[in-house]
1. If you stretched the chain out fully between A:ARG34 and A:ALA277, how much longer would it get, using 0.36 nm times the residue separation minus the C-alpha to C-alpha distance?
2. What number, in nm² with one decimal, is the all-direction average of the projected area of the convex hull of the alpha-carbon atoms of the range A:75-186?
3. Within a 10 angstrom radius of each residue's Cβ in A:303-312, how many Cβ atoms of other chains show up on average? Whole number is fine.
4. Hey, what angle do you get for helix A:99-110 against the long axis of chain A, alpha-carbon based, 0 to 90 degrees rounded to 10?
5. Please compute the average number of Cβ atoms from other chains found within 10 Å of each residue's Cβ in peptide B:178-190.
6. Using +1 at the C-beta of Lys and Arg and -1 at the C-beta of Asp and Glu, which of A:GLN162, A:SER175, A:PRO215 has the Cα lying farthest in the positive direction of the dipole of the range A:148-262?
7. Charges at C-beta only: +1 for Lys and Arg, -1 for Asp and Glu. How large is the resulting dipole of chain B about its Cα centre, in Debye rounded to 20?
8. Which of A:ALA77, A:ALA318, A:ALA91 ends up with the largest GNM mean-square fluctuation for chain A, with Cα atoms connected below 10 Å?
Amino acid sequence: MPQALHTVRRYGGLAVRLLLIWFALEGPAPAPPRVILGPPQTVETLHPVLCTHTRLTDEVEEWKIQRTLSMVREMGAATIVEFFPWPYIEAQRGHYNWAFSDRIMRHAENQGLTVVARLGLVPAWARPPVVEKVTTLSYLPYDQFDSFAAFVGVFVARYSTQLGAVIIWNEPNLSGEWGNRPVDPEAYTDLLRLVYEAAHAANPSIVVLGGALAPTLEPEGSGSGLNDIRYLERMLEAGAGAYFDALAVHTYGFKNPPQADPEPNVINFRRVELLRAVMVRYGYSSKLVYITESGWSDDPRWTNAVRPGQRIAFTLDALRMAESWPWVKQVCLWDFRQPSDRQNRRDAYYALVSSDFYPKPIYEAVQAYARGWENPYQP
Amino acid sequence: MIRLVALRKSIARWHGRIRQHPRVTFVALIAAALLVAGWGLTRPGAWLGPQDLTWHRIQVNRDLYVGIDPSYPPFAEWAPEQIDGLEADLAREIARRLAVQPQILIMGFDGLYDSLYVGQVDMVISGLHVDPGRTDWVYYSRPYFDAGQILVSRTDAPVQTIRQLDGKTVAVELASAGDMAAQQWQRRLHALHVERFMLPDDAMQAVQTGEADAALVDTISARLYLKQREGLAMAARTTVPDGYVIAMRRQDYRLTSAVDRMLANIIADGTLDVIIARWL
């Protein structure tokens with residue numbers, strides 16, 4: 001016993017001293033920022049058509065998610081499009097990890113925002129083993145369409161009250177987005193059918209958005225993709241019209257003002273009218289269009305970019321124009337902010353807010369438009 | 001005199017200590033010598049120090065790999081035969097002075113730093129700015145071009161600094177960096193009237209027509225505008241600098257110092273001005 005007491009006395013003091021040193025060293029380390037939900041907010045806007053595509057998928061820090069969504073609300077956008085990759089949630093078959101999506105949905109709800117969820121990418125378990133075939137994250141084998149549909153059903157059931165719509169896949173008319181395979185509008189139609197049934201079984205009032213096609217002029221047989229107009233025609237010929245509630249459209253202006261006339265061989269903002277015309281021609285005039293990506297870049301080193309003042313004028317004109325079209329439900333500006341401007345220059349110059357939350361002039365101009373204030377960047 | 005006495009006393013004291021402890025003194029001297037030798041031998045390029053293998057390869061193969069994003073005319077653009085532009089010319093001039101063959105590799109902007117990191121290229125000349133977050137491994141040269149916001153005024157009423165515009169009118173491009181800077185200067189000066197125009201050319205035209213006393217626009221637009229018109233001149237220095245720099249790997253210490261030297265010569269002998277004037 002005395003021996004044990006001696007040992008305690010001998011090493012106890014040392015342990016206490018080490019503990020004190022540890023506290024002294026640990027003390028000055030900054031605590032991670034506390035993120036608490038404030039009182040529920042509502043979006044003040046005169047233009048509910050305004051929406052923006054956020055990039056919270058790879059955002060690590062929760063306070064940045066909260067700050068992003070509060071700035072979206074302050075801008076006057078009531079709706080966001082956000083990407084929820086399937087592999088992030090169902091990395092193992094049948095095991096769902098909702099932490100990532102819950103975090104975004106919780107903050108979006110707190111800010112009074114409606115979420116349009118873009119769903120896509122494929123977990124490793126749903127793709128062929130690497131020894132068999134090397135595939136990309138966008139490679140969805142045809143025999144796994146039902147697995148993706150099941151995931152969409154579970155997702156819609158979980159967030160039933162917060163979702164404005166779900167976008168099924170992204171730009172399937174680009175081979176890079178279709179697993180580096182030749183694009184296949186008929187197969188995409190099959191996918192839409194399975195997903196539509198699963199989503200509506202989970203929530204009959206959910207809006208399923210089909211399409212989300214990339215604006216491209218690629219001809220039939222191209223290795224890169226297929227012209228969005230032709231792709232939509234082939235989708236509708238395959239019967240896709242019965243399996244989506246509204247059409248998602250990506251439309252970019254590049255160097256052209258929004259007023260530029262639509263032409264099949266030109267990519268500009270009013271290309272959306274050509275896609276709408278296809279819908280009308282095939283008897284789907286009652287289906288609304290959600291412009292889920294749009295905007296202009298003011299990158300000084302990109303030949304398809306415009307000057308910052310033009311960007312503001314073109315964006316505001318495009319919003320006004322889209323509001324005058326009764327068949328357009330939302331115009332979502334690409335993109336609100338990205339986690340790091342250093343990694344992706346192209347998107348950094350499309351963003352409305354810098355990575356460090358500095359609101360660019362375009363943000364202030366869009367905010368003034370949405371809130372009914374005087375435009376601080378009037379020429 | 002007092003200081004000299006104190007110094008003599010101090011020397012005498014140390015002398016006494018050394019005589020008193022000869023072994024300790026010997027060990028201390030040896031340790032100090034080893035430290036100095038170790039420091040010297042592990043310097044870059046020394047016997048035990050890191051070697052600049054890039055420089056070694058350049059000397060053996062006589063080639064220099066330069067990464068350029070050719071989407072930024074007139075700095076770099078993809079001509080049918082080769083990459084043309086100010087930056088391509090600068091790369092070729094540096095290579096010529098190093099007596100090596102330039103190999104220009106084209107790549108997307110977002111891949112430039114990765115290519116430098118993995119050693120695919122030896123340097124990047126592509127309108128880069130100093131990025132403090134990368135300086136742990138990237139060495140940046142001095143700027144070879146300042147694309148910042150510069151004052152443009154009439155030659156008969158030159159304006160060199162924005163302070164000279166107190167009580168006057170400055171024309172800016174809407175929502176540009178010049179617009180932001182003018183808004184800041186509005187708070188600093190007694191009265192600065194800011195006129196906004198959709199394009200930088202419109203702002204400079206306003207100076208020509210007398211609507212504004214000066215325009216604050218980016219240097220590239222200013223140079224291109226002034227090339228075609230007379231009666232206007234740029235200030236000697238930019239109001240909001242925006243320097244373009246060459247990026248190299250910090251570990252390539254011989255290459256960085258050689259390029260720094262060449263760039264200094266290119267600037268000093270006026271070659272850089274000739275290259276810039278060729279494109280802007």
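1. So the extension gain works out to 82.5 nm.
2. Working: hull surface 31.3 nm².
Over all viewing directions, the range A:75-186 projects a mean Cα-hull area of 7.8 nm².
3. Shielding by partners across A:303-312 averages 5.
4. 70 degrees
5. The per-residue average across the peptide is 1.
6. Farthest towards the positive end: A:GLN162.
7. Once rounded to the nearest 20, the dipole reads 2800 debye.
8. A:ALA91
Every number here is computed from the coordinates shown, using simple stated rules; none is lab data. This is a predicted model, so every value here is computed, not measured. Note that we place each Cβ from the backbone using ideal geometry, even for glycine, and neighbour counts take in every protein chain shown.
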